[in-house]
Amino acid sequence: MASDISPRAEIDPRAKIGDNCKIFPFAYIEGDVVIGDNCIIFPFTSILNGARIGKDNKIHQGAVIAALPQDFEFRGEKSECVIGDNNIIRENVVINRATHRGSQTVIGSNNFLMEGAHISHDTKVGDHCVFGYGTKIAGDCEIGNGVIFSSSVIENAGTRVGEGSMIQAGTTFSKDVPPYIIVGGTPVKYGGVNTTMLSLKGISDKVQKHIANAYRLIFHGQTSVFDAVMQVREQVPDSVEIRTLVDFIENTKRGIISKL
């Protein structure tokens with residue numbers, strides 16, 4: 001089915017637009033852009049060079065996709081902003097493309113970015129994440145599947161958030177957040193296991209207790225994080241989730257959030 005494109009939208013003829021899209025008046029789309037089938041592009045949206053957008057996405061008023069990176073290293077190189085399928089991108093969201101040639105900012109599928117969220121250059125976002133009002137994600141971050149950011153969260157550059165974690169409103173953090181937990185406060189600290197998300201994923205109560213025991217050793221033990229991880233390996237029954245959290249912590253470069 002042909003797309004419904006308003007004659008009052010400003011679209012470079014080189015842009016590739018899929019079938020059955022709806023593009024409203026005053027949308028602005030540059031030439032080096034690919035948009036998949038069944039997308040809705042609302043008025044006053046800007047989709048700039050380097051955008052690679054999948055199918056079934058809804059991009060609302062004032063959003064800017066593939067904005068130039070706000071990075072002092074940017075020299076005008078050709079890079080991309082890749083967005084998967086079935087995302088909802090609300091008003092005034094900004095997503096930057098990557099800094100260097102051949103690099104990508106990546107947003108997965110089935111994510112919900114609320115009004116005023118900002119995803120910076122070279123950040124990689126998984127699937128089924130929620131970004132609350134005014135949340136700001138700096139450059140070179142990594143965010144796993146099923147992560148929830150409440151309103152006005154600030155994630156500083158180069159940090160990671162493990163899958164299934166929740167960041168409470170107003171939190172600012174500069175170290176990695178391991179998977180399956182709730183964090184918040186000033187300074188940011190561990191607030192328990194995210195049992196709601198684990199239950200939604202179908203993780204059994206038994207495994208949830210094992211995850212809680214693992215984090216009790218990591219955040220409430222009297223040893224270093226390194227030694228606590230060794231204790232987790234020795235004392236907590238193995239599962240995919242336990243291996244995931246151990247691997248995440250062992251591969252941290254910036255350290256994990258505070259034990260306080």
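The values are calculated or read from the model by the stated rules, or taken from the named source; none is laboratory data. If you're wondering where the values come from, they're calculated on a predicted model, not measured in any experiment. Cβ sites come from the backbone with ideal geometry, for glycine too, and all protein chains shown count toward neighbours. These accessible areas exclude ligands, DNA and RNA; they are computed on the full protein's heavy atoms, side chains included. Shrake-Rupley method; radii C 1.70, N 1.55, O 1.52, S 1.80 Å.
Miscellaneous remarks
- Selected residue [of a type outside the set (Asp, Glu) and open to solvent by less than 20 Å² (accessible area, probe 1.4 Å)] from Ile88, Ile95, Ile17: Ile95
- For segment 217-231, the tally of residues that are outside any helix (DSSP H, G or I) and not small (Gly, Ala, Ser) stands at 2.
- Scanning segment 232-253 for residues that are in a loop (DSSP other than H, G, I, E, B) and open to solvent by less than 60 Å² (accessible area, probe 1.4 Å), we see that the one that is nearest to Val207 (Cα to Cα) is Ser239.
- Filter result (buried (at least 17 other Cβ atoms within 10 Å of the Cβ), farther than 14 Å from Ile119 by Cβ and acidic (Asp, Glu)) within segment 57-81: none
- Residue ID - farthest from the chain's Cα centre (by Cα), chosen from residues in segment 217-231 that are open to solvent by 60 Å² or more (accessible area, probe 1.4 Å) and farther than 16 Å from Ile181 by Cα: Gln222
- On the stretch given as segment 112-129, residues that are open to solvent by 40 Å² or more (accessible area, probe 1.4 Å) and within 11 Å of the chain's Cα centre (by Cα) total 4.
- In the set (1) crowded, with 21+ Cβ neighbours inside 10 Å; (2) more than 13 Å from Met197 (Cβ to Cβ), the condition left unmet by Ser152 is number (1).
- Selection within segment 158-195: residues that are of a type in the set (Gly, Ala, Ser) and closer than 15 Å to Gln208 by Cβ. The member of this set that is surrounded by the fewest Cβ atoms within 10 Å (Cβ to Cβ) is Gly192.
- Consider segment 202-216 and keep the residues that are part of a loop (DSSP other than H, G, I, E, B) and not polar (S, T, N, Q). The one that is surrounded by the fewest Cβ atoms within 10 Å (Cβ to Cβ) is Gly202.
- With respect to (1) open to solvent by 30 Å² or more (accessible area, probe 1.4 Å); (2) at positive phi, the lone exception for Asp37 is condition (2).
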